[in-house]
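Working notes, structure below.
The values are calculated or read from the model by the stated rules, or taken from the named source; none is laboratory data. Computed from a predicted structure; not experimentally measured. No Cβ is skipped: glycine too gets one built from the backbone with ideal geometry, and neighbour counts run over all protein chains shown. The protein model used for the area step is the full one, side chains on, heavy atoms only, and it has no ligands, DNA or RNA in it. Shrake-Rupley method; radii C 1.70, N 1.55, O 1.52, S 1.80 Å.
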Amino acid sequence: MKIEIFSDFSCPFCYIGKTKLFSAIKELQLTENVEIEYKAYQLKPDASKLETLNYKEVMHERFNGNMAKMQEAIDAVHAHANEAGLTYNVDEIKIANTENAHRLAKLAANYKAADAFTERLMNGYFSHGFNLNDTTALVGICAELGIPIDEAQRVIDEQLFSDELAQDRYDAMQMQITSVPFMVFENAYGIKGVEPHEIYVKTLKQAQQIANKRLAVIESDAACGADGCDI
């Protein structure tokens, strides 16, 4: 079963949604049957790659200085995170540009380390104040996951995987995706935003049925191979 996850490393609900999805996958014992593809969706593509902004200050501006509404929004994020078993430290979150992180996620996928890379970055960002603009730290995480450090550094220096990021943007546009997380299951079902645990379980079961049908093969002796045709 293939699942495409459109997300951004700086999206609090993306980490929550991903965690809930993986919990459902584990519950259904589908870990070995699922292929996850992470699709980049930058929420703030124009964010500085050098400087960071304080999360609370950005939220304060977003709510025009209304502290009550800002705290209400933060409390809602905390509630969703806690439900998924996550602990967010909003006082340490630094708003940064996520482009280099997405580039390295593409590299990590080549080494079958995309899940581990994404988990490390999201956990670090939301719980431990990880700076996504810190390319040295990003490359360091790649090295810890067994990805050659020279390759990771080259991705940053030469801005590799630009075509892949452009394709992700195009795919999101074609699907009319305007917010994340957005998950696509077997190109047949979708989950937008964060849903209760049972919705992920139900959607996985439905998608698995489709995947099983696609894998069903009707055999016939009338077929051709490299050694010729059997009649």
### Task
Compute the distance in nm between two label points, each set 7 Å from the Cα along the Cα-to-Cβ direction, one at residue 32 and one at residue 187.
2.7
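Which trypsin sites (Lys or Arg not before Pro) in region 54-149 pass both tests, a DSSP loop state and at most 10 other beta-carbon atoms within 10 Å? Kindly include the intermediate steps, with their values, before the conclusion.
Working: sites: 56, 62, 69, 94, 103, 106, 112, 120; in loops: 112.
The qualifying sites are 112.
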#### Entry: Solvent-accessible area, 1.4 Å probe, carbon plus sulfur percent, for the chain
49
### Message
Which residue, 68, 204, 155, has the largest displacement toward the positive end of the dipole of the chain when charges sit on each Cβ (Lys, Arg +1; Asp, Glu -1)?
### Response
68
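With +1 assigned to the C-beta of every Lys and Arg and -1 to the C-beta of every Asp and Glu, and no other charges, what is the dipole magnitude of the chain about the Cα centre in debye, to the nearest 20?
Working: 22 positive and 35 negative charges, 131 e Å.
The dipole of the chain has a size of about 620 debye.
Rounded, prolate or oblate: which fits region 69-205 when a ≥ b ≥ c are the square roots of the eigenvalues of the alpha-carbon gyration tensor, with rounded for a/c under 1.5 and prolate only if a/b beats b/c? List each step's numbers first, then the result.
Numbers: a/c = 1.79, a/b = 1.23, b/c = 1.45.
It is oblate, given that a/c is not under 1.5 and a/b is not larger than b/c.
With every protein chain present, what is the per residue accessible area of the chain (1.4 Å probe, Å²)?
On the way: 12930 Å² over 231 residues.
For the chain, the per-residue accessible area is 56 Å².
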### Query
Sorting 98, 87 by accessible area (1.4 Å probe), largest first, what list results?
87, 98
